[in-house]
Amino acid sequence: MEALIFDVDGTLADTEAAHLRAFNAAFAEVGLDWYWDEALYTRLLKVAGGKERLLHYWRVADLECAEGSRIGEVIDAVHAVKTRHYAARVGNGGLPLRPGIARLITEAQAAGMPVAIATTTTPANLDALLCAPFGPAWRKRFAAIADAGTTQIKKPAPDVYLDVLRQLGLNGANCIAFEDSANGLHAARAAGVPTVVTPTAYTSHDAFDGALAVLPHLGEPHAPISSPVPGEAPGWVDLVTLRRWHRHALAGTA
Ligand code: XBP
Ligand code: MG
């Protein structure tokens, strides 16, 4: 096992409630009479990428208005407002990392193992979310980053994982990915990366066939995972556990 690759939204932090509030705040600010509730947003999350999600909703909600040459400009403008609202909500430590994330990233880096990010979210969201937990130089903690700014085609396509693997110079089979959604699992598996899934309330009903493990979160020594962790692991996921799972994945016995 040569590197860990983390998804962002739903995996590093449980961010989608903040994204949802930011979308609704943007609709109100620009004067759109749209409102996305939790149930609708859970369905819309099947479309990765905020701009793609907006266009999908517009076409479903009001097809006539959703055509035309300016639709792209309008989507970009609404999404820029949404991104500002999101950054205001999660910046300055407004949203904590999920259990085990900081611990595992620190453990990997102390062991000299590269850690990367493969996300479909907007680059500005990464700065807003990660500056507080990892400091202003947070980008230096990650050996490779692929996001909506570097990679156009969104999950479940494998593009962000293939970009990260290219930057790392590694084969997907020699890494482990961490995801929260079926889209993310499909993207990582399509790039050949064994994947640990930690769903959130927004993705708990997704299908996770082919995951190395599906866990409520990565756990902490002081807050172990309540459900059984595969393979005699302690109540939290550490590098020893991941290496064992990775060996089983390579041997086809996971
Ligand atoms: C999840 C997404 C993103 C976010 C919203 O990304 O699909 O679109 O929902 O962020 P991840 P943007 O791959 O990290 O799970 O509005 O910036 O797209
Ligand atoms: Mg995600």
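Data overview
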quantity: Among residues of region 100-134, those that are out of contact with any strand residue (DSSP E or B) (no Cβ under 9 Å at 6 or more places or on another chain) and within 21 Å of His85 (Cα to Cα), counted; calculated: 6
quantity: Residue that is farthest from Thr15 (Cα to Cα), among those in region 52-65 that are touching a helix residue (DSSP H, G or I) at 6+ places or on another chain (Cβ under 9 Å) and more than 16 Å from ligand 2 (Cβ to nearest atom); calculated: Cys65
quantity: Residue check for Ala143: in contact (Cβ under 8 Å) with a residue 40 or more places away in the chain and surrounded by fewer than 21 Cβ atoms within 10 Å (Cβ to Cβ); calculated: yes
quantity: Of all residues making up region 178-200, the number that are free of Cβ contacts under 8 Å to residues at least 24 places away in the same chain, out of contact with any Gly (no Cβ under 7 Å at 6 or more places or on another chain) and farther than 19 Å from Gly231 by Cβ; calculated: 0
quantity: First in region 37-60 and in the same structural domain as Ala25 (by TED's automatic domain parsing) and farther than 19 Å from Ala80 by Cβ, second anywhere and surrounded by 15 or more Cβ atoms within 10 Å (Cβ to Cβ) and small (Gly, Ala, Ser), Cβ under 6 Å, 6 or more apart; calculated: Arg59/Ala66
quantity: Verdict on Ala249 being in a helix (DSSP H, G or I) and hydrophobic (A, V, I, L, M, F, W, C); calculated: yes
quantity: Any chance Pro136 is modelled with pLDDT of 95 or more, in contact with an Asp or Glu (Cβ under 6 Å, 6 or more places away or on another chain) and either of a type outside the set (Asp, Glu) or assigned to a helix (DSSP H, G or I) (or both); calculated: no
quantity: Selection status of Ile105, more than 12 Å from ligand 1 (Cβ to nearest atom), touching a helix residue (DSSP H, G or I) at 6+ places or on another chain (Cβ under 9 Å) and modelled with pLDDT of 95 or more; calculated: yes
quantity: Residue list for region 22-38, filter: more than 17 Å from Ala124 (Cα to Cα) and assigned to a helix (DSSP H, G or I); calculated: Asn24, Ala25, Phe27, Ala28, Glu29, Val30, Glu38
quantity: Residue match in region 70-81 (condition: touching a Phe, Trp or Tyr at 6+ places or on another chain (Cβ under 7 Å), part of a helix (DSSP H, G or I) and farther than 30 Å from Glu2 by Cβ); calculated: no
quantity: Val229, sole failed condition from (1) at pLDDT below 95; (2) farther than 23 Å from Thr106 by Cα; calculated: (2)
quantity: Residue list for region 164-184, restricted to those being away from ligand 2 (no atom under 16 Å from the Cβ) and in a helix (DSSP H, G or I); calculated: Leu165, Arg166, Gln167, Leu168, Gly172, Ala173, Asn174
quantity: Check on Ala110, more than 18 Å from the chain's Cα centre (by Cα) and not charged (D, E, K, R); calculated: yes
quantity: Unique match (being within 15 Å of the chain's Cα centre (by Cα) and in a loop (DSSP other than H, G, I, E, B)) among Ala201, Ala187; calculated: Ala201
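The values are calculated or read from the model by the stated rules, or taken from the named source; none is laboratory data. Values in this document were obtained by computation on a predicted structure and should not be read as measured data. When we count neighbours, we look across all protein chains shown, and the Cβ atoms used for this are built from the backbone with ideal geometry, even at glycine.
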